[in-house]
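So the structure is just underneath, and the comments pick up after that.
The values are calculated or read from the model by the stated rules, or taken from the named source; none is laboratory data. Remember, it's a predicted structure, so these values are computed and weren't measured experimentally. All Cβ positions, glycine included, derive from the backbone under ideal geometry; neighbour counts span all protein chains shown.
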Amino acid sequence: MSKKRADHEAGFVLHTYAYKETSLIVEAFTRRFGRVSLLARGARRPRSAMRGVLLSFQALSLSWSASTELGNLIGAEWSAALRPLRGRGLMCGFYLNELLLRLLAREDPHEALFDYYDDALLRLAAGTDLASILRNFEKRMLAELGYAPVLERDAASRPIDPAARYVYEPERGPMLLNNSISRQTSVSGQTLLDVAADDYGRAETRDEARSLMRSLITQRLHGQELHTRMILRDLSDL
């Protein structure tokens, strides 16, 4: 099998695992190669050049070679100023990382999603409007994976009525609420239109958008539970 090599590729560390006594396995999200798994030999040694570099949420330049699914990390260095995430912003960052780890196939490039992720980290570091950052990223991630939410027309292709209430069927889209499905969770037409416009100014929109995105993502996880979501549940506005 031929060996592939990547030099100075833009990427972010999503997660690291200890490997043997001195090494790490790095799950990284890269701009041109998507999610990749890399072995960082000796990265846990005190004098390793990579020891303090392989940090989550920092823009990196990565070089590696690979002949199997697990590549060998050759070099890593920062490519931008440090972006410290703190408090709730840090938890939101871990949530985005877990979404990417669970939903992205390895070596499936998503350059637009990489740019959305980069922008989301910059906004999380600023520490404002965290809920809208999460909803924007969730919506764009679903679209990149081929599951773009239908938000401006209902399942019968009629324009969404902002005054009506809908049940969202993931495979069909919004359906007008009626007595036969009234026990299901509903969302207002105004919320659907607000999400389409990335407008989270209304408290009702923020609440219903959170529930809607959670439902759509849960379906794509096929029963898997997100560990970070369990923590974010305690942060009711996120």
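Anything in the stretch 1-15 that is assigned to a strand (DSSP E or B) and among the charged types (D, E, K, R)? List them, or say none.
Lys4, Arg5, Asp7, Glu9
Residue count for the stretch 192-238 satisfying the condition of being under 18 Å from Leu103 (Cβ atoms), modelled with pLDDT under 80 and surrounded by fewer than 14 Cβ atoms within 10 Å (Cβ to Cβ): 5.
One line per residue, one yes/no per condition, for (1) of a type outside the set (A, V, I, L, M, F, W, C); (2) at pLDDT below 95; (3) in a strand (DSSP E or B):
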| position | (1), (2), (3) |
| --- | --- |
| Tyr17 | yes, yes, yes |
| Glu21 | yes, yes, no |
| Val26 | no, no, yes |
| Ser37 | yes, no, yes |
| Arg47 | yes, yes, no |
| Leu73 | no, no, yes |
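Considering every residue within the stretch 20-31, establish whether at least one is of a type in the set (S, T, N, Q) and surrounded by 17 or more Cβ atoms within 10 Å (Cβ to Cβ).
Step one: list which residues in the stretch 20-31 are of a type in the set (S, T, N, Q), which gives 22-23, 30.
Okay, now just the ones that are also surrounded by 17 or more Cβ atoms within 10 Å (Cβ to Cβ), so 23, 30.
Scanning the stretch 20-31, I find at least one residue that is of a type in the set (S, T, N, Q) and surrounded by 17 or more Cβ atoms within 10 Å (Cβ to Cβ), so the answer is yes.
If you go through the stretch 34-49 and keep only what is buried (at least 21 other Cβ atoms within 10 Å of the Cβ) and either over 19 Å from Tyr19 (Cβ atoms) or more than 17 Å from the chain's Cα centre (by Cα) (or both), you end up with Leu38, Ala40, Ala43.
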